[in-house]
There are 2 protein chains.
Amino acid sequence: MHQQTIENYLKTIYHLSDGNSFVVTNKDLADRLHVIPATVTEAVKKLHQLKLVEYEKSYGTRLTSQGIKQALNIVRRHRIWETYLAQELGFGWDEVHELAEELEHIKSDKLVQKLAKKIGNPAYDPHGDPIPDEKGRFQKPEFKKLADAKVGRTYTLSGVADHSAAFLKFLDRYKMKIGTTIKVVEIENFDGSMLTVCNSKEVRLSLQVVSNLLVR
Amino acid sequence: MHQQTIENYLKTIYHLSDGNSFVVTNKDLADRLHVIPATVTEAVKKLHQLKLVEYEKSYGTRLTSQGIKQALNIVRRHRIWETYLAQELGFGWDEVHELAEELEHIKSDKLVQKLAKKIGNPAYDPHGDPIPDEKGRFQKPEFKKLADAKVGRTYTLSGVADHSAAFLKFLDRYKMKIGTTIKVVEIENFDGSMLTVCNSKEVRLSLQVVSNLLVR
DNA sequence: AAAATTATTTTGGTCTGCCAAAAATAATAA
DNA sequence: TTATTATTTTTGGCAGACCAAAATAATTTT
């Protein structure tokens, strides 16, 4: 199996199982990887032989501890690259994901280590997602959706649930980024939208938007 | 054809034809790419269909102008990455080639442009090889081998003919790098070795070595 | 519980990049 | 100009990553 294929599967299984080693369905994998389920069946069988996943037919797939380890390493590389691209090379947070998707496969731990050092071994990437260290350790941050916030309180934007370029560009238009403070002025219970104050300006945010903003 | 395969062929043809559009033999390509000649036959036929090479059977292969253009772009990416890795991330000149070999395939002109800007759009990479600009232009430097130098003269190391890690590490041991001045004290006509002064120390360099040192 | 839906696996194929061995073509030496 | 040798091409095959369609299995609906 090609290393790149393996890495993409592991990473995707990892994300679908939400970091924990939950069972992932064949179809979900197929959708995420843009292949048909039959292809996934083949692939997970091979991953099973490589002892990277547990797999029982018609049941589902789950990472082994070895698989998790490798997955975390890929996640680390991806997020280090994202942060590096944003911080050192001035890419927008809506651009870095796609590039990191390619760069994460470069096989050099030394390179990743140097990149990490250059940006000060950060714990979070530009989207507020935690970066595992060399040993795969990271603390899962306690975020909640802005949608669940209380009127009158002020929050700090700490992450986004939607990583799409469209959403991120939308946030850019209001100069919102990780660290921006958002005050909830009013919640419209008709449509769930929120009147907020961001960067000293009043902004109304739709339920769609506030559901994808993670705050502290 | 996979983009990566195409790029590797174009780059290799380019180097084998020494930058000019000389005809390259099938076997030479096979050797460089670590495949058998039969594989090359297949590949160049496909490259021909893509109008990237001229190809007549049992004659040889030569880049078309389109092919040269693409080849120069790959060479550019490779050398930008080499320089970036050395300059910004502190890699040794013996390490950068291998890494650049992977990084050159990342498909983002914007990335290369940013990297280049960061290192000041240099005209030469850490080995003294010229970096083509976005349009593929570069001036071929007028180097000569130190082996052909005259006794008593002082030269500036401007390039290396051998890019192997072994050779580069050897040079590191004597702190020789691009820009180092080398004074030729004496030429031993028994074995062609040279007595030189490098970094204020007397060093005897074998014919092997001085044949691979390019100087001005 | 039977029918209908959805998910998974199997089966048979394609395409790409590769190899081995044989056949055809140079190119070189005698 | 024959032999000999080297190179190139052809042919038949293989593995990886995919897909389409058919066959199974599991899940939901009714």
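Only the coordinates and a few stated rules stand behind these numbers; no lab work does. Because the structure is a prediction, the values reported are computed rather than measured. Here the Cβ is made from the backbone with ideal geometry for all residues, glycine too, and neighbour counts use every protein chain on show.
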Exam field: residue A:58 pseudo-label spacings to other copies (7 Å along Cα-Cβ), nanometres = 6.1
Place the label 7 angstrom along Cα→C-beta at residue B:199 and in each other copy, then list the distances from the first to the rest in nm, shortest first.
-> 5.1
Interchain or long-range residues, amide H under 5 Å from residue A:161's placed H = A:213, A:214
Taking a temperature of 4 °C and a viscosity of 1.567 mPa s, what whole-number D in µm²/s does Stokes-Einstein yield for region A:3-63 with Rh from Kirkwood over alpha carbon pairs?
-> 117 µm²/s
List the distances, in nm and shortest first, from the label point of residue A:140 to the matching label points in every other copy, placing each point 7 Å from Cα along the Cα-to-Cβ direction.
-> 6.1
From zero up to wherever the largest Cα-Cα distance of the protein assembly as shown sits, split into 20 Å bins and tell me the percent of pairs in each.
-> 20, 43, 28, 8, 0
Sort out for me the Cα centre separation of region A:60-112 from region A:113-146, rounded to whole Å.
-> 11 Å
For residue A:45 and residue A:174 in the same chain, what is the full-extension length gain: residue separation times 0.36 nm, less their Cα-Cα distance, in nm?
-> 41.8 nm
In order over region A:94-105: 3J(HN,Hα) from phi, Karplus 6.51/-1.76/1.60, θ = phi - 60°, whole Hz, x for each Gly or Pro, gives 8, 9, 5, 4, 4, 5, 4, 4, 8, 5, 4, 8
Using Cα atoms only, what is the angle between the long axis of helix B:37-49 and the major principal axis of chain B, expressed in degrees (0 to 90) to the nearest 10?
-> 60 degrees
Assuming a viscosity of 1.306 mPa s and a temperature of 10 °C, what translational diffusion coefficient in µm² per second does Stokes-Einstein assign to chain A, Rh being the Kirkwood radius over Cα pairs?
-> 85 µm²/s
Of the listed peptides B:93-103, B:198-208, A:126-136, what is their order by residue-averaged count of other C-beta atoms within 10 Å, with the highest listed first?
-> B:93-103, A:126-136, B:198-208
Please list the non-local residues whose amide H lies under 5 Å from the amide H of residue B:53, H modeled 1.01 Å from N, same-chain partners needing a gap of 5 or more.
-> B:48, B:64
Amide H partners (placed H, <5 Å) of residue A:155, local residues excluded | A:182, A:183, A:184
Over every pair of different alpha-carbon atoms in region A:144-215, take the mean of 1/r and invert it; report that Kirkwood radius in Å.
-> 11.8 Å
Once phi is turned into ³J(HN,Hα) by the Karplus curve 6.51 cos²θ - 1.76 cosθ + 1.60 with θ = phi - 60°, what whole-Hz value does each residue of region B:69-84 show in order, with x for glycine and proline?
-> 4, 5, 4, 5, 5, 5, 4, 4, 4, 4, 6, 5, 4, 4, 5, 4
Per residue of A:92-100, what is the mean number of Cβ atoms on other protein chains within 10 angstrom of that residue's Cβ?
-> 1
Take peptides B:27-37, A:57-67 and line them up by average Cβ neighbours within 10 Å, highest first, as a rough protection proxy.
-> A:57-67, B:27-37
Return the sequence-ordered ³J(HN,Hα) values of region A:126-132 in whole Hz as given by the Karplus equation 6.51 cos²θ - 1.76 cosθ + 1.60 applied to θ = phi - 60°, using x for Gly and Pro.
-> x, 9, x, 7, x, 9, x
With an 8 Å cut-off on Cα pairs and a minimum separation of 6 or more residues, tell me the relative contact order of chain B in percent.
-> 15 percent
Among A:69/A:135; B:144/B:177; A:107/B:11; A:69/A:144; A:144/A:201, the pairs whose Cα-Cα distance exceeds 19 Å are A:107/B:11; A:69/A:144; A:144/A:201
